[in-house]
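I have placed the structure first, in the form of structure tokens, so that the comments after it can refer back to it.
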Amino acid sequence: MALAVPRKFEEIEPQEPIAAQLFQRLRTRIIQLDFKPGQALSETEVARRYAVSRQPVREAFIKLAAAGLVEVRPQRGTFVKKIEVEAVMDARFVREAIEAEVVRAAVTSVDAAAIVGLRAQIAHQRAIPEGDHAGFLAADESFHRTLAEIAGKAYAWRVVEEVKAQMDRVRYLSFGGATSTTVLIDQHERVVDALEARDRKLAEAAIRLHLREILKSLPQIAAAHPDLFDAQP
């Protein structure tokens, strides 16, 4: 099955590990629904599109399977996994537990320069054109990564990145419909306000509220896109 995607395939940097680059590029395409749940992925076709050998493609597929984004069906091939509500809920639970501790730690380490930087990120988020879902998702990730860096917990963010792929697919579907980006940005601002006030309880409450937003949109999204979700037992 040929890969039908609307965007040009990005070039691979030969100086960087190829499998890692392929994993990130394919992960992004799956999250942004360039590769839709249930779609077949061919090692040969991906290798041809990116002008690489099949070995790094195979390695990238293994990492994508570990992230819960693809599945290998014996004698049939590799397919993009449908979104599993339980996996989304598990990822959200883990992410909230980690990021609640991140902001609690950030309260003691944040300084004036960091607050200025966070507010600049929020201003950038507000300037992103409506409909630029990929742009907003990237800005949102930068904001949360920065919180971890301020707290001195960069590894915590790497753990979050490992577990949140299924959650990201739902978040991407929610933009422009089930979830208002204005609401999300306002929630970011309340987190920064709490950090600036050095109010640990308020900061934790703000990030927990923010990360529970998906609980409101998930049922609506699953009902609107049943073909993208794994049928519940």
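Would you mind computing the Rg to Rh ratio of region 18-80 from its alpha-carbon coordinates, Kirkwood style for Rh?
Details: Rg = 10.4 Å, Rh = 11.4 Å.
That ratio equals 0.92.
Estimated from the Cβ-Cβ distance and a Förster radius of 35 angstrom, the FRET efficiency linking Glu11 and Arg145 is about 0.90. Counting other Cβ atoms within 10 Å as a rough exposure proxy, the listed residues Val72, Val192, Val170 run Val72, Val192, Val170 from fewest neighbours to most.
What net charge do the residues around Ala231 carry, taking every other residue with its C-beta under 11 Å from that of Ala231, with Lys and Arg at +1 and Asp and Glu at -1?
Numbers: positive: Lys82; negative: Glu84, Asp227, Asp230.
Combined, the nearby Lys, Arg, Asp and Glu give -2.
Which number do you get for Rg(Cα) / (2.2 N^0.38 Å) in the chain?
Working it through for the chain, the quotient is 1.07.
Segment Glu59..Leu215, full-extension length gain: 52.8 nm, with 0.36 nm per residue of separation and the alpha-carbon distance subtracted. For Lys82, the lysines whose Cα falls under 19 Å of its own Cα, not counting residues fewer than eight places away in the same chain, are Lys36, Lys63, Lys164.
State, as an integer percentage, the relative contact order of region 57-168 based on alpha-carbon contacts under 8 Å between residues 6 or more apart. Let's see the in-between values first.
Working: 85 pairs, mean separation 42.1, N = 112.
In percent, rounded to a whole number, it is 38.
Under a Cβ-Cβ cut-off of 12 Å, what is the net charge of the residues other than Gln166 that fall near it, where Lys and Arg count +1 and Asp and Glu count -1? Don't skip to the end; give the middle numbers.
Working: positive: Arg27, Lys81, Lys82, Arg92, Arg95, Lys164, Arg169, Arg171; negative: Glu84, Glu86, Asp90, Glu162, Asp168, Asp230.
Neighbourhood net charge equals +2.
Between Arg48 and Val116, the modelled labels are 5.4 nm apart [label points 7 Å from Cα along Cα→Cβ]. Applying 1/(1 + (r/R0)^6) with R0 = 25 Å to the Cβ-Cβ distance of Lys201 and Ala20 gives a FRET efficiency near 0.05. Scoring 114-123, 142-151, 222-231 by mean Cβ neighbours within 10 Å over their residues and listing the highest first yields 142-151, 114-123, 222-231.
If you rank Lys36, Lys81 by fewest surrounding Cβ atoms within 10 Å, what's the result? Please list the in-between numbers first.
Values: Lys36 15, Lys81 21.
By the 10 Å Cβ count, ascending, the order reads Lys36, Lys81.
Which FRET efficiency value, to the nearest 0.05, is calculated for Ala40 and Asp230 with the Förster distance at 22 angstrom and r the Cβ-Cβ distance? If you can, show how the numbers build up before the last one.
On the way: r = 17 Å, r/R0 = 0.75.
Taking R0 as 22 Å, the efficiency between Ala40 and Asp230 is 0.85.
Quick one: order Arg104, Arg158, Arg29 by neighbouring beta-carbon count within 10 Å, fewest to most. Don't jump to the answer; show the numbers that get you there.
Numbers: Arg104 15, Arg158 11, Arg29 20.
With the sparsest Cβ surroundings first, the list reads Arg158, Arg104, Arg29.
Each reported figure results from applying straightforward, stated rules to the coordinates on display, with no laboratory input. Computed from a predicted model, the values in this text were never measured in an experiment. We place every Cβ from the backbone using ideal geometry, glycine too, and count neighbours over all the protein chains shown.
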